[in-house]
Amino acid sequence: MTVSSRDDELIDAVLIRKWLACGLGWLLLFPTVGTFISTKLSYPTFLGDVAWLTYGRLRPIHVNGAIWGAFSTLFIGLCYYIVPRLTGVRVWGERWGIALLWVWNLNLAAAVVLLALGWNRGWETGEFPLINVVVTLVALLFLTLQLLMTIARRREKPLYVSLWYLLGAFVWTDMSLVLLLVGPHRLAGLDNAAWHGLFVQNLIGLWITPAGYALLYYFLPVSVKGPLYSHRLALLGFWSLALFYPFAGIDRHLYSPIEWTGATAIVSSILLIVPVWTVLQNFFGTMVGRWREASRCLPAKFLIAGSLMYLVGCVQGSLEALRWLQQPTHFTDFVISHAHLTVLGTFVTWAIAGTLHVWPRLANDAPLWSVRVGSWGFWLVTLGIAVMALVLAAQGLQQGFLLTAGAEWMHTVRAIRPYWWVRTLTGFTIDAGIGLLVYTLMKTSLARPT
Ligand code: HEM
Ligand code: HEM
């Protein structure tokens, strides 16, 4: 089945553009916060010791902001585009879209302020204050309802695989947020650590991952103008994702007192190769004979770059789950390399691809203001991420092996300082690339109204 390219009567272009514009705003802000905290690692007195500008306050703003602000806001905006096109009907309860947009974005802004004031629930990537978790959950529940109702009224009977993944992402994440709602303060000791592992893993594997797959499976065929290689393979990926991902969370606690669960986590982490393989085989299969076409299409270039980084990031992930590599790298930047290669290099990159595809279409199919500037943005972002991942992996290995050889901690920090400078430079490169892309999109829509 090919993705349908129905007319645009079914979509609310103004609503989608507003969601995407907010997502782009967050995409400018939160990676820049990352560059700030990176500068602090290289140059600790940067920004002084004002409480809300300290590393401990800014780091959760960066991480939660990148996930809930940049990635998720773009993703939700793109859902409002994809779902009507795949179901053949307008989104159910569309008039609530603008109210939801306000709730979502004000909630994010409030979370940033509260995190800056030091409110923090203590679970890494789950630091949002309780009130913000509640509002995020309510908003996601409403979005889930919209999605379910729209799909229930669909005119196109078969469910294209993007809809499977969208449904999975929303329903699973509603459940994960209940865990975040009750987890941090109610569970004690090791239970708390174990449930935290499950939550982080669910956020990565059952929100970001299926959301990103939904985008890839929609935007790859439409960008390269050809059918998806295998729908059945994509569905195998769906069920294996659901089965293997949750168990892998404990791999954050290898070499800790809940080590006994480690074997399950390691096996699950290796089995994650199954969903990863389904996506990559579908990617390469769909691309056969279409590379030339793709090289002229900016969204396709982002999809390709993201898929290649997915390949590298997941090989890295499976290897670091094994004890021989886990031991030296666990407390090092090797993990941060993996986190950026996947969350930023793959999923944010795919979301940028979708936005680049959709945005000009919302402006009456306006041509991109400047393909040249857009391409500069592409190269700055992708090379920035690739170099960042490389230096972080290298410094992680160096520090890890120094530590296991018995080196003193400060000695290892001095050894990796040059790498930190390079990472900070790559941060500026990525920020500049994102800036160029956003500028290109703004110029595109200013040239022609919605
Ligand atoms: C949308 C883009 C980005 C996303 C999605 C993203 C995602 C993340 C994630 C998930 C983490 C947590 C990693 C972990 O705990 O294992 C993180 C931490 C971090 N990120 Fe980013 N990031 C982005 C852009 C950037 C940029 C441009 C920089 C600039 C150099 C940067 C620098 C950092 C730093 C310094 C940390 C903390 C590392 C530590 O505490 O050791 N990030 N980011
Ligand atoms: C086969 C695929 C993958 C495997 C086997 C895998 C494995 C792992 C392992 C073992 C860790 C823990 C490293 C440590 O703490 O020492 C980890 C951390 C992480 N992974 Fe993956 N990963 C995979 C794919 C992904 C994907 C697709 C994403 C993004 C959507 C991702 C995002 C992250 C993040 C953000 C962390 C850091 C979490 C934290 O600091 O608690 N991984 N991964």
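Derivation of every value follows stated rules applied to the coordinates shown; laboratory data play no part. Computed from a predicted model, the values in this text were never measured in an experiment. Every residue, glycine as well, gets a Cβ built from its backbone with ideal geometry; the counts of neighbours run over all protein chains shown.
Sorted fewest first by neighbouring Cβ atoms within 10 angstrom, Met410, Met388, Met287 come out as Met410, Met287, Met388. Extension gain for Ala394-Leu319 works out to 25.5 nm (0.36 nm per residue, less the C-alpha to C-alpha distance).
Taking all Cα pairs closer than 8 Å and separated by 6 or more residues, the relative contact order of segment 298-360 comes to 60 percent. Each Lys and Arg adds +1 at its Cβ and each Asp and Glu adds -1 at its Cβ; summed about the Cα centre, the chain shows a dipole of about 1000 debye.
Mean-square fluctuations from a GNM of the chain, with a 10 angstrom spring cutoff on Cα atoms, peak among Leu236, Leu166, Leu20 at Leu236. Taking 0.36 nm per residue of sequence separation and removing the Cα-Cα distance, the Gln281/Gln327 pair yields an extension gain of 13.4 nm. Ordering Thr150, Thr35 by the number of other Cβ atoms within 10 Å of each residue's own Cβ, fewest first, gives Thr35, Thr150.
Can you sort Trp68, Trp379 from fewest to most other Cβ atoms within 10 Å of each residue's own Cβ?
Ranking Trp68, Trp379 by Cβ neighbours within 10 Å, fewest first, gives Trp379, Trp68.
If you run the Gaussian network model on the chain, springs between alpha carbon atoms under 10 Å, then out of Leu319, Leu78, Leu190 the most flexible one is Leu190.
Dividing the mean sequence gap of close Cα pairs (under 8 Å, 6+ apart) by how many residues the chain holds gives a relative contact order of 17 percent.
Here is how the number arises for the chain: DSSP H runs of 4 or more residues each give -39500 (n - 2.57), the sum is divided by the residue count, and the result at 222 nm is -24500 deg cm²/dmol. Build a GNM of the chain with springs between Cα atoms under 10 Å: which of Thr39, Thr209, Thr412 gets the top mean-square fluctuation? Result: Thr412 has the largest fluctuation of those listed.
With all pairs of separate Cα atoms included, the chain yields a Kirkwood hydrodynamic radius of 22.3 Å.
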